[in-house]
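Report on the following structure.
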Amino acid sequence: MATLTTSNLSLSSTTISKPLFPKTPFTTLLSLSSPKPSFSLFSLSSKPTNKPTSRFASITLCSATPPHTRPDYIPGRISDPNYVRIFDTTLRDGEQSPGASMTPKQKLEIARQLARLGVDIIEAGFPAASNADLEAVKTIALEVGNAVDEQGYIPVICGLSRCNKADIDAAWAAVKYAKRPRIHTFIATSEIHMEHKLNKTRQEVVEIARNMVSYARSLGCEDVEFSPEDAGRSDREFLYQILGEVIKAGATTLNIPDTVGYTVPSEFGQLIADIKANTPGVENVIISTHCQNDLGLSSANTVAGACAGARQLEVTINGIGERAGNASLEEVVMTIKCRGESLGGLYTGIQTEHIVKASKMVAEYSGLLVQPHKAIVGANAFKHESGIHQHGMLKHKGTYEIMSPEDIGLQRADESGLVLGKLSGRHALQKRLEQMGYSFEGKELDDVFWRFKSVAEKKKHVLDEDIEALVIDELFQPESVWSLGDLQVTCGTLGLSTATVKLIDADGIEHVACSVGTGPVDSAYKAVDSIVKVPVTLLEYSLTGVTEGIDAIATTRVLIRGDNGFTTTQATTGEQIRRTFSGSGSEMDIVVSSVRAYVSALNKMLAYKNKPNRKVSVENSHVPASDAVPAGSA
């Protein structure tokens, strides 16, 4: 059993007490009693044990794991040594993925969903990147960072900064409006980064890190996280030195990033073990992990880090992020939920039934689709086509499923008994939507219902995939600067394609334009451009059928880049990059679907610089009274 003693807050040994495989059990061993602690996975010879006749009969499904109470949040300390904090960086590292730019409103909605999930810390962005990013983080700090639920839970709102005063000032200006603000600052510590990127000596890097952590604390921030970038390739002795110095300067969390996804689980677990054993003052801070997925090992490395004593895990929804992405929240959380006993009793505070909606929201807002075979949230994760598998599932679902789809907020389509068509009413649609994990009322339900009826008039049966495409097209769209009114196209082999488009602006005024092009989509896009008058470049265009058959709904996805402005600062390199914006649209007519997607991307781009005007409650102790308004009037 993994234990942390009060004297050294260190792990002893972790043994898998209920092996899934009857031949040879495995054990994870972390010993800190020797001069060089070791972290290893090795095979043990089988020994006679007093087990039930059927070993598999004792296997516990994820849904059967007992609930736990979340410990009170204290910077730098966790009262329960088995509790693991979940730090979500979807809105910061995840948004660094090409094409993943989101509007401030979309970021706020994702932050609210992360709060429903129960993540402990939300890294809301990189405020120094641009004024729009600062305002987006500030809005999340104000709204999500002050919303306490009935159990007293409220997420920490974190802002990233490089180790310089301007970045730290920007981060504090954004997150200070939250009840629990945090500044996360970083500097590279590997030889290759210090020599080629920073052009600084080890001593200079230590001095900068110490001074900037101290500066962040001097602003009034009591919760400061420090990351030695590229720790996975950094010299161990240098890591112990710089981490010890930032602890003395006031850091409360030490994040250990495998920035380039280079380590394997045994190496990363050993790294965490070594840091816990050799860093002076480590008993006064929380150790965190941040694993990139360049070798496909990010989730495995993250779990190995937790087994070695890390008590904060940095993850993203769907594993999105730079290059190959990050450790996936759903994979890490469900691993701990399903195998927590075997991992020494580890547990999190995540409400897993909200995972599916978070996954779909992030996929639509970011434009980064989830591959069908993705663990936990992929479209095929709970589908069984093999005859042998289907036979087992009919006998007992536990034969081929270690968790229930309901555990993550997904209902099985074939258990409702509802078949929807053109005669179905609002109540039937609403019931099916609830079974699919969506809750609609009032105007939202009306909008989805009329889209559903328009499809049902053309299809005999409307499938769950059709409904989901329509829901996503209505629910996850950016604020409407422009909306599609009408569209008429003429095309074929006898002449140039022509499109007439009617768009409606935010004030309800109709604008009509006609254009010719090389095809119906090209001519329609040119007509839209002549109305909107914002120069953009179309980078990607894709069209897929949601279901089988000629009457399938088509979903179009596009990626555009604004030709004027829309730049941001890249966090790790400091270079200015041009933002790209994704959009999606669904309709039975492929040209209408294409125009919906294009208008969606334009709306996202135009809404990107919108700055909400909000003030903080006077109850917040991190801001001066001049910036505050009475609670409830913000």
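The values are calculated or read from the model by the stated rules, or taken from the named source; none is laboratory data. Only a predicted model underlies this, so the values are computations on that prediction, with no experimental measurement involved. Positions of Cβ are generated from backbone atoms using ideal geometry, with glycine treated the same way; all protein chains shown enter the neighbour counts. We work out accessible area using only protein heavy atoms, side chains counted, and drop any ligands, DNA or RNA first. Shrake-Rupley method; radii C 1.70, N 1.55, O 1.52, S 1.80 Å.
Only one of these is within 30 Å of Gly296 (Cα to Cα), surrounded by 22 or more Cβ atoms within 10 Å (Cβ to Cβ) and of a type in the set (A, V, I, L, M, F, W, C): Ile256, Ile192, Ile247. Name it.
Only one candidate passes the filter, namely Ile256.
Given the criterion open to solvent by 10 Å² or more (accessible area, probe 1.4 Å), assigned by the TED database to the domain that holds His354 and either in contact with a strand residue (DSSP E or B) (Cβ under 6 Å, 6 or more places away or on another chain) or over 30 Å from Glu283 (Cα atoms) (or both), identify the matching residue among Ala128, Ala171, Ala111. Please lay out each step first, then the result.
On the way: Ala171 fails: open to solvent by 10 Å² or more (accessible area, probe 1.4 Å); Ala111 fails: open to solvent by 10 Å² or more (accessible area, probe 1.4 Å).
After ruling out the rest, the residue left standing is Ala128.
Report the residue count in the range 73-88 for those that are open to solvent by 70 Å² or more (accessible area, probe 1.4 Å) and free of Cβ contacts under 8 Å to residues at least 24 places away in the same chain.
Initial filter on the range 73-88 (open to solvent by 70 Å² or more (accessible area, probe 1.4 Å)): 77, 79.
Now restrict to residues that are free of Cβ contacts under 8 Å to residues at least 24 places away in the same chain: 79.
Result for the range 73-88: 1.
Condition first: under 27 Å from Ile408 (Cα atoms), open to solvent by 40 Å² or more (accessible area, probe 1.4 Å) and of a type in the set (A, V, I, L, M, F, W, C). Now tell me which residues in the range 418-467 satisfy that.
Leu418, Val419, Leu463
Name the residue that is farthest from the chain's Cα centre (by Cα), counting only residues in the range 167-202 that are part of a helix (DSSP H, G or I) and β-branched (Val, Ile, Thr).
This residue is Ile192.
Please work out which one of (1) open to solvent by 90 Å² or more (accessible area, probe 1.4 Å); (2) at pLDDT 85 or above is the condition Asp407 fails and give its number.
(1)
Given the residues Glu468, Glu479, which is the only one that is outside any helix (DSSP H, G or I) and modelled with pLDDT under 80?
Unique residue meeting the criteria: Glu479.
Of all residues in the range 520-545 being assigned to a helix (DSSP H, G or I) and either of a type in the set (Ser, Thr, Tyr) or on the phi > 0 side of the Ramachandran plot (or both), which is most open to solvent (accessible area, probe 1.4 Å)?
Ser530
Being modelled with pLDDT of 90 or more, in contact with a strand residue (DSSP E or B) (Cβ under 9 Å, 6 or more places away or on another chain) and among the β-branched types (Val, Ile, Thr) is true for just one of Val303, Val356. Which residue is that?
After ruling out the rest, the residue left standing is Val303.
Go through Thr556, Thr498 for me and flag whichever is assigned to a strand (DSSP E or B) and surrounded by 21 or more Cβ atoms within 10 Å (Cβ to Cβ).
The conditions single out Thr556.
Return yes when Ile590 is at pLDDT 85 or above, buried (at least 21 other Cβ atoms within 10 Å of the Cβ) and either among the hydrophobic types (A, V, I, L, M, F, W, C) or assigned by the TED database to the domain that holds Arg182 (or both) and no when it is not. I'd like the intermediate steps shown before the answer.
Details: at pLDDT 85 or above: yes; buried (at least 21 other Cβ atoms within 10 Å of the Cβ): no; either among the hydrophobic types (A, V, I, L, M, F, W, C) or assigned by the TED database to the domain that holds Arg182 (or both): yes.
In short, no.
Exactly one of (1) under 17 Å from Ile287 (Cα atoms); (2) in contact with a Ser or Thr (Cβ under 8 Å, 6 or more places away or on another chain); (3) outside any loop (DSSP other than H, G, I, E, B) is unmet by Val205. Its number?
Only one criterion in (1) under 17 Å from Ile287 (Cα atoms); (2) in contact with a Ser or Thr (Cβ under 8 Å, 6 or more places away or on another chain); (3) outside any loop (DSSP other than H, G, I, E, B) is unmet by Val205, namely (1).
Can you tell me which residues in the range 468-489 are among the polar types (S, T, N, Q), touching a residue at least 24 places away in the same chain (Cβ under 8 Å) and open to solvent by 50 Å² or more (accessible area, probe 1.4 Å)?
Hit for the range 468-489 is Ser480, nothing else.
Quick check on Leu313: is it over 18 Å from Thr189 (Cβ atoms), in a strand (DSSP E or B), touching a helix residue (DSSP H, G or I) at 6+ places or on another chain (Cβ under 7 Å) and open to solvent by less than 10 Å² (accessible area, probe 1.4 Å)?
Judged against the criteria, Leu313 is a match.
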